[in-house]
Amino acid sequence: MFEEPEETPAERPSNPALRAVEKTDELRIHAELAAVFEGPRKFEAQVIPGLDPELARHIQQSIGRLEKAKSPDSPVLPQPQWPDAIAVMKLAGEKELSTNDYHVHRRPGEVMVLRFIEGDQVDAFYERLQAHFDAGLAGVIEDERQATEWKQDKLSDQYVKALEEIKVDLAERYLRKLMKTYGMFVLSTMTADEINIQMLAEHIMGTSIDELVGQASAPPSDPTTKDLAWFFKLFALRGIIDQTEHMCFFTFLQKADDSFDFE
């Protein structure tokens, strides 16, 4: 989960290898979203409202400071910030917050979602992350074969071949081995100016929009595209504490038609 580009090229590149790389990035983002948020659908995780507002704000500010401290070129946190990263990930135990679940703080038009996982739960996360990516890539390859093989188009054939040659180890991309080897801590982000809140809640999480954002912020029964658009920023903080692997996911959501200030 490295930093995502702020803009997407307006035109599809003609270079088959470049197209394949861009498709890979798209599939990786979808896999990450699924692995982070599928807990209620796959692992009996609960969406638990009532996260203490002061704690939510404290975590928001702490992660914001960690983000500012690191280089924009790398998700690895500078060593002086490692104690602060540990402090954030230890909050689950200190505040008696269940791991695996989604702890939610809501305000009108705004939602903060906090999820801690550790130990075997982290293993399951990486397994699901890779499985989502592999399934997505296999599906794209099959669709492209069926759509283009009759054309006998050279560029289309090269694109399919480039997709077939792609091998991505997402645990490696997440720097999992390096964290275990060197004890470093990593913070990466994913940002979308507009994400479909219905897709996130119902399709990925397997829950209702009301349960995620609250009835006061839920869209009308017959929503427009604008009604479903929310600003989205996901932080993934991770590292090894006392020989146990920890991850903390913090998500900030706000209705896209509202002004926002993350800090």
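The values are calculated or read from the model by the stated rules, or taken from the named source; none is laboratory data. Quick caveat, the model's predicted, so the values are computed rather than measured. Using ideal geometry, Cβ is built from the backbone for each residue, glycine included, and neighbour counts are taken over all protein chains shown.
Those residues that are among the acidic types (Asp, Glu), over 24 Å from residue 204 (Cα atoms) and modelled with pLDDT of 95 or more, I need them from the range 32-76; list them, please.
52, 54, 67
Name every residue in the range 210-224 that is surrounded by fewer than 21 Cβ atoms within 10 Å (Cβ to Cβ), in contact (Cβ under 8 Å) with a residue 12 or more places away in the chain and of a type outside the set (Gly, Ala, Ser), in order of residue number.
Selection gives 211, 219, 223.
Considering the range 44-74 alone, what residues qualify as being touching an Asp or Glu at 6+ places or on another chain (Cβ under 7 Å) and among the β-branched types (Val, Ile, Thr)?
47, 48
Which of the following residues is modelled with pLDDT of 95 or more, buried (at least 18 other Cβ atoms within 10 Å of the Cβ) and either touching a His at 6+ places or on another chain (Cβ under 9 Å) or not in a strand (DSSP E or B) (or both): 253, 187, 200, 234? Let's see the steps before the verdict.
Details: 253 fails: either touching a His at 6+ places or on another chain (Cβ under 9 Å) or not in a strand (DSSP E or B) (or both); 187 fails: either touching a His at 6+ places or on another chain (Cβ under 9 Å) or not in a strand (DSSP E or B) (or both); 234 fails: either touching a His at 6+ places or on another chain (Cβ under 9 Å) or not in a strand (DSSP E or B) (or both).
None of the other options fit; the residue is 200.
What pairs come up if the first residue lies in the range 182-203 and is farther than 28 Å from residue 90 by Cα, the second is in a strand (DSSP E or B) and of a type in the set (Gly, Ala, Ser), and their beta carbons are under 8 Å apart, counting only those six or more places apart or on different chains?
Partner pairs satisfying both residue conditions: 194/229; 195/229; 196/229; 197/229.
Which condition from (1) part of a loop (DSSP other than H, G, I, E, B); (2) crowded, with 18+ Cβ neighbours inside 10 Å is the one that residue 74 breaks?
In the conditions (1) part of a loop (DSSP other than H, G, I, E, B); (2) crowded, with 18+ Cβ neighbours inside 10 Å, residue 74 misses (2) alone.
Residue by residue through the range 132-180, note down the ones that are more than 20 Å from residue 18 (Cβ to Cβ) and small (Gly, Ala, Ser).
Selection gives 135, 138, 139, 171.
Can residue 175 be described as in contact (Cβ under 8 Å) with a residue 60 or more places away in the chain and either loosely packed, with under 14 Cβ neighbours inside 10 Å or under 28 Å from residue 84 (Cα atoms) (or both)?
So residue 175 passes the test.
Conditions tested, residue by residue: (1) surrounded by 15 or more Cβ atoms within 10 Å (Cβ to Cβ); (2) free of Cβ contacts under 8 Å to residues at least 12 places away in the same chain; (3) in a helix (DSSP H, G or I).
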| residue | (1), (2), (3) |
| --- | --- |
| 28 | yes, no, yes |
| 36 | yes, no, yes |
| 41 | yes, no, yes |
| 45 | yes, no, no |
| 51 | yes, no, no |
| 54 | no, yes, yes |
| 60 | yes, no, yes |
| 65 | no, no, yes |
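Given the residues 144, 127, 110, 149, which is the only one that is in contact with a Phe, Trp or Tyr (Cβ under 8 Å, 6 or more places away or on another chain) and free of Cβ contacts under 8 Å to residues at least 24 places away in the same chain?
Exactly one of 144, 127, 110, 149 is in contact with a Phe, Trp or Tyr (Cβ under 8 Å, 6 or more places away or on another chain) and free of Cβ contacts under 8 Å to residues at least 24 places away in the same chain, namely 144.
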